[in-house]
Amino acid sequence: MIDFLLEIGSILLQLRTENKLTKSSVMVTSGANQAFVNLVLTLCDAGDSVVMFAPYYFNSYMSFQMTGVTDILIGASNPETLHPDVDWLEKVLQENNPIPKLVNVVNPGNPSGAFIPKPMLQRISDLCRDAGAWLVLTIPMSLWNDGVACRIPDGLHAQLLKVQDNIPICASIIGQHLALYSLEAVQNGSEKG
Ligand SMILES: Cc1ncc(COP(=O)(O)O)c(C=O)c1O
């Protein structure tokens with residue numbers, strides 16, 4: 001099965017080396033929505049509980065609903081900063097039994113537009129790791145998530161490919177050429193500056 005264009009592969013390899021990314025791989029999808037559905041199908045079973053924060057992205061909520069993941073716990077956001085309530089998340093991850101399978105955080109938030117500061121993201125990541133919950137970080141409107149690629153732990157790649165193979169087989173070639181153009185632009189930009 002053709003995963004993505006060879007030219008994309010070689011740029012990704014270079015970016016991974018430059019950014020010292022290990023134990024992870026990349027899947028090129030037909031947009032962020034498809035990346036999200038791929039992950040839900042791979043990671044969740046019907047009946048699992050999952051976490052999102054209000055205001056959440058409607059399609060992601062629907063992806064859970066449509067796959068039988070109906071126990072969707074919605075965390076609040078700070079009314080002024082619109083940052084997720086991480087204290088609530090800590091409590092949920094420590095006290096719920098079974099613990100939520102997956103936590104979805106969107107940065108910058110859509111529709112809030114709020115940027116989550118790095119220490120807060122780190123805390124969310126640590127809490128999920130300690131509890132054994134998957135953290136799915138959606139980065140909208142970026143090269144990495146919107147219509148181009150999602151970065152995944154190595155161990156998940158084979159399972160995600162099964163989902164990919166059953167839906168679009170591979171992202172559209174025209175979309176991949178656009179991705180290639182964007183990746184080259186990023187590379188040229190970083191070489192210049
Ligand atoms: C959080 C989130 N998920 C999914 C999408 C949909 O992205 P795409 O059009 O690449 O499927 C968006 C679009 O902005 C988004 O913000």
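Read-outs throughout are calculated quantities, based only on the coordinates presented, and are distinct from any laboratory measurement. These numbers were taken from a predicted model, which means no experiment stands behind them. Heads up, the Cβs are rebuilt from the backbone with ideal geometry, glycines too, and the neighbour counts pull from every protein chain shown.
With a 10 Å Cβ neighbour count serving as the proxy for reagent exposure, in which order, fewest first, do Ile139, Ile116 appear?
Lowest count first: Ile139, Ile116.
Amide H to amide H under 5 Å from Ser25: which residues, 5+ apart in sequence or cross-chain, H placed 1.01 Å off N in plane?
Residues meeting the criterion, in which the H sits 1.01 Å from N, are Ile152, Asp154.
What is the gain in length, in nm to one decimal, between Ser24 and Glu80 on full extension, counting 0.36 nm per residue of separation less the C-alpha to C-alpha distance?
Gain on stretching Ser24 to Glu80: 16.6 nm.
Describe numerically, in nm with one decimal, the distance between label points set 7 Å from Cα along Cα→Cβ at Ser172 and at Ala46.
3.2
Under 5 Å between amide H atoms, partner at least 5 residues away or on a different chain: which partners does Leu135 have, H built in plane at 1.01 Å?
Under 5 Å from the amide H of Leu135 lie the amide H atoms of Val103, each far enough along the sequence or on another chain.
Grab the other residues whose beta carbon is less than 15 angstrom from that of Leu41, score K and R as +1, D and E as -1, and report the net.
Combined, the nearby Lys, Arg, Asp and Glu give -1.
If you build the convex hull over the alpha carbons only and average its shadow over all orientations, what do you get for the chain? Give it in nm² to one decimal.
So the mean shadow area of the Cα hull is 11.3 nm².
Hey, fewest Cβ within 10 Å first, where do Tyr181, Tyr61, Tyr56 land in order?
Tyr181, Tyr61, Tyr56
Restrict the search to region 1-44; then list the trypsin sites (Lys or Arg not before Pro) that DSSP places in a loop and that have at most 11 other Cβ atoms within 10 Å of their Cβ.
Answer by residue number: Lys20, Lys23.
Going by C-beta contacts inside 10 Å, put Glu80, Glu18, Glu184, Glu90 in order with the fewest on the left.
The most exposed by this proxy come first: Glu80, Glu18, Glu184, Glu90.
If one takes the longest principal axis of the Cα atoms in the chain, at what angle in degrees, from 0 to 90 and to the nearest 10, does the Cα axis of helix 32-43 lie?
Once rounded, the angle reads 60 degrees.
Would you pull out the residues with amide H under 5 Å of Ala114's amide H, same chain only if 5 or more places away, H placed 1.01 Å from N?
Gly109
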